[in-house]
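Right, one structure below, let's go through it.
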Amino acid sequence: MTWRDMIVWCNAASEKGGLTPIYYSDAAFTTPIKISPAGNLAPDGASKTAGGIDNPYVRWSANGYRLATAAEWEYAARYIDGTTFMPGNAPSGWQDTNADTIVDAAERALVGWVTTATQPVGLKPANALGIHDMSGNVFELVWDWNNGAYTTASPYTDADSLGSPTSGTDIKDVRGGGYTGEFGTAARGTTGPHQPSAYRGFRVVRRP
């Protein structure tokens, strides 16, 4: 799937579940985005035109499904008790089994897959919030355009936590690491919104 496919999926799942969609082509929130075009929309592979597939209008107050922001994703991945958070180089749900404060390969393997293919969700222990596979298995795309100013300080939000296109590049953030072993909860990858991959996925969130 591409990032575009993911926001279309979120809208479709919202409508199927009787919820209000999140992503729209108009500022009045009357036309949910339902089509994911293939290929580049601009020479750089993305278009920041307001209401376009790569920069839709977002109804943040709606109760439908959406992609997590980078700040939301990292907060959930690094969460321990709301005051204490995982080190950025640790996988989500990391336990320091030998009390040496070092994230070693054996500890990473306890909560994340190191293999050659994706695996069924939920077979490794969950993190402190009960969420599985936030590190390893597949990389996860988030809402945000990539922004080099992202903070590493608790609670891991930045001045632009909703990912405004005016402050990011033309590529989207990818979080979590995949089965190849990039597990750090602070690690960030990038991809164009039009680029599909078999080892990238997504995690949806919604308001209560």
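All of the numbers you see were taken from the coordinates with simple rules; none came from a lab. Just so it is clear, the structure is predicted and the values come from calculations on it, not from any experiment. In this analysis, Cβ positions are derived from the backbone assuming ideal geometry, glycine residues included, and neighbour counts consider all displayed protein chains.
Using the Cβ atoms and a cut-off under 14 Å, what net charge is assigned to the surroundings of TRP9, where Lys and Arg are +1 and Asp and Glu are -1?
+4
Considering the options VAL138, THR115, PHE29, tell which one lies farthest towards the positive end of the dipole of the chain, charges being +1 on Lys and Arg and -1 on Asp and Glu at the Cβ, about the Cα centre.
Of VAL138, THR115, PHE29, it is PHE29.
Would you check the chain for Lys pairs whose C-alpha atoms are within less than 20 Å, ignoring same-chain pairs closer than 8 in sequence, and give me the count?
4
Using only Cα atoms and rounding to the nearest 10 degrees, what angle (0 to 90) does helix 3-16 make with the longest principal axis of the chain?
Value to nearest ten degrees: 80.
Once fully extended, how much extra length lies between GLN95 and LEU110, figured as 0.36 nm per residue of separation less the alpha-carbon to alpha-carbon distance?
Working it through step by step, the gained length comes to 4.5 nm.
Per-residue ellipticity at 222 nm for the chain, helices alone: DSSP H runs ≥ 4 residues times -39500 (n - 2.57), over residue total, nearest 500 deg cm²/dmol?
-4000 deg cm²/dmol
Go ahead and collect, in residue order, the members of region 184-207 whose backbone nitrogen is under 20 Å from a label point 7 Å along the Cα-Cβ direction of ALA38.
192-201
Under the 0.36 nm per residue contour assumption, what length would be gained going from the current alpha-carbon distance of TYR199 and GLN119 to full extension?
Full extension from TYR199 to GLN119 adds 27.7 nm.
May I ask for the net charge around VAL205, where only other residues with Cβ less than 10 Å from the Cβ of VAL205 are counted and Lys, Arg are +1 while Asp, Glu are -1?
Result for the local shell: +3.
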